[in-house]
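Below is one structure, written out as structure tokens; comments come after it.
The values are calculated or read from the model by the stated rules, or taken from the named source; none is laboratory data. What you see is a predicted model; the values in this text were computed from it and never measured. Note that we place each Cβ from the backbone using ideal geometry, even for glycine, and neighbour counts take in every protein chain shown. Protein only, heavy atoms only, side chains kept; ligands, DNA and RNA dropped before computing areas. Shrake-Rupley method; radii C 1.70, N 1.55, O 1.52, S 1.80 Å.
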Amino acid sequence: MAEMLTDLLNSIYKRIAQLGQAIQGLKTSMDGLNQNIEQKIINLNEKLKEFSEEIDVTQNKHIGVLKEIGESTKNELKKIQEGLGLEALSTLISNLQEFERLSSEILNQDTVNLLLSEAITSVKELKTKPSSKG
């Protein structure tokens, strides 16, 4: 009977040892899994950081390109404007407006009356002077 009890205790001990080994194997597996998850998180963070930097660079490049497009479009429009003579046309319009202003000053009623009066006086003087025929 003592032998049976010893066998039973040995069997229980072996099972406890196997359970301990299984637990140790599970712990090792869990540690490996944790390391794997941690590494994947680190990799993911690095990828997100790279992606974020790439977005910034791309954004800045796009903004730069758009600015260049805007500047070159503005320059091309200036060339077209000059080519079509719009600046000359603008100057001509300005000159005509100045001419109109000066004309309206010169042709105001008082000036016209004064000029007519001087013309009439000159004509009268010419009539009254004897013509010198020789």
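One decimal place: the segment Asn95-Asn113 gains 3.8 nm when fully extended, by the rule 0.36 nm per residue minus the C-alpha distance.
Using the heavy atoms of the protein chains and a 1.4 angstrom probe, tell me the accessible area per residue for the chain in square angstrom. All intermediate terms of the calculation are to be shown ahead of the outcome.
On the way: 12670 Å² over 134 residues.
Result: 95 Å² of accessible area for each residue.
Note on the chain: lysine pairs with Cα distance below 26 Å, sequence gap of 8 or more or different chains, count 10.
On the protein heavy atoms, probe 1.4 angstrom, tell me the percent of accessible surface of the range 1-54 carried by carbon and sulfur.
Answer for the range 1-54: carbon and sulfur cover 62 percent of the accessible area.
Indicate the gyration tensor shape class of the range 11-57 (rounded, prolate or oblate), computed on the Cα atoms with a ≥ b ≥ c the square roots of the eigenvalues: a/c under 1.5 is rounded; otherwise a/b larger than b/c is prolate and the rest oblate. Here the range 11-57 falls in the prolate category. Here the Karplus relation 6.51 cos²θ - 1.76 cosθ + 1.60, evaluated at θ = phi - 60°, turns the backbone of the range 69-83 into coupling constants of 4, x, 5, 5, 5, 4, 5, 5, 4, 4, 4, 4, 4, 5, x Hz, with x for every Gly and Pro. Out of the range 27-129, which GluC sites (Glu not before Pro) are coil in DSSP terms and have no more than 10 other C-beta atoms within 10 Å? Loop-located and lightly packed - none at all.
Report, in degrees rounded to the nearest 10, the 0 to 90 angle that the Cα long axis of helix 86-106 makes with the longest principal axis of the chain. It works out to around 40 degrees.
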